[in-house]
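To keep things clear, I will list the structure first and then write my remarks on it.
The values are calculated or read from the model by the stated rules, or taken from the named source; none is laboratory data. Keep in mind the model is a prediction, meaning the values are calculated, not measured. Neighbour counts run over all protein chains shown; Cβ positions are idealised from the backbone, glycine included.
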Amino acid sequence: MMAKNYLRLFLRLLLIVILLGCVGDLVFRYAERPEPSAEGIEFLISLTAAGYIWPLVGATYFLAAVLLAVPRTVGLGLVVLAPVWVNVAMFHLALDLSWPRVWPAVVVIALYLVLCVLYRQRFRSLVVCDGGR
């Protein structure tokens, strides 16, 4: 039981570091990115042209990192991240399925899914019906 708690803490902290690194990269643009496919570039150009998506993604990552840092709100942090990870997965499956560009997304989504399994009790109230009481 103690090992499971340490694993949960370690994975949570790892995801927090990744999220804050992504926020920093969105703000300061310090990381090299592999060139996406032509369809991926077109999609990313349209997202960037909208003007709001990257600040929204950065704010979502930051909010999720804060929620994951507080033990009581870990479940909410994972729920907040779900739409972002679905979009990342769909982008790579539909527009940019090249292993050198996909593996970081696969690793982070796998980390996210492991955390969802480890904290599955936090989601029970979302899927259990109490009979209308």
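One table, with the values for the structure above:
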{"item": "Every residue from the range 79-133 that is among the β-branched types (Val, Ile, Thr), under 20 Å from Gly58 (Cβ atoms) and surrounded by 14 or more Cβ atoms within 10 Å (Cβ to Cβ)", "result": "Val79, Val80, Val84, Val88, Val108, Ile109"}
{"item": "Options Val27, Val66; residue that is of a type in the set (Val, Ile, Thr), assigned to a helix (DSSP H, G or I) and within 14 Å of the chain's Cα centre (by Cα)", "result": "Val66"}
{"item": "Selection count where residues are over 15 Å from Ala69 (Cα atoms), aliphatic (A, V, I, L, M) and surrounded by 10 or more Cβ atoms within 10 Å (Cβ to Cβ), scope the range 1-33", "result": "4"}
{"item": "Failed criterion for Pro36 (all others in (1) of a type outside the set (Phe, Trp, Tyr); (2) at pLDDT below 95; (3) surrounded by 16 or more Cβ atoms within 10 Å (Cβ to Cβ); (4) assigned to a helix (DSSP H, G or I) hold)", "result": "(4)"}
{"item": "Single match in Val114, Val23, Val108 (criterion: at pLDDT 90 or above and farther than 29 Å from Val127 by Cα)", "result": "Val23"}
{"item": "Matching residues, the range 9-36, being closer than 18 Å to Arg72 by Cα and not charged (D, E, K, R)", "result": "Leu9, Phe10, Leu11, Leu13, Leu14, Leu15, Ile16"}
{"item": "One residue from Ile41, Ile45, Ile53 being surrounded by 14 or more Cβ atoms within 10 Å (Cβ to Cβ) and either closer than 30 Å to Gln121 by Cβ or of a type outside the set (Ser, Thr, Tyr) (or both)", "result": "Ile53"}
{"item": "Subset of the range 90-133 (residues that are assigned to a loop (DSSP other than H, G, I, E, B) and over 16 Å from Ala38 (Cα atoms))", "result": "Tyr119, Val128, Cys129, Asp130, Gly131, Gly132, Arg133"}
{"item": "Hits in the range 94-120 - residues which are farther than 18 Å from Leu81 by Cβ, over 15 Å from the mean Cα position of the chain (by Cα) and of a type outside the set (Ser, Thr, Tyr)", "result": "Ala94, Leu95, Asp96, Leu97, Trp99, Pro100, Arg101"}
{"item": "Residues of the range 1-20 classified as among the hydrophobic types (A, V, I, L, M, F, W, C), part of a helix (DSSP H, G or I) and modelled with pLDDT under 90, total", "result": "2"}
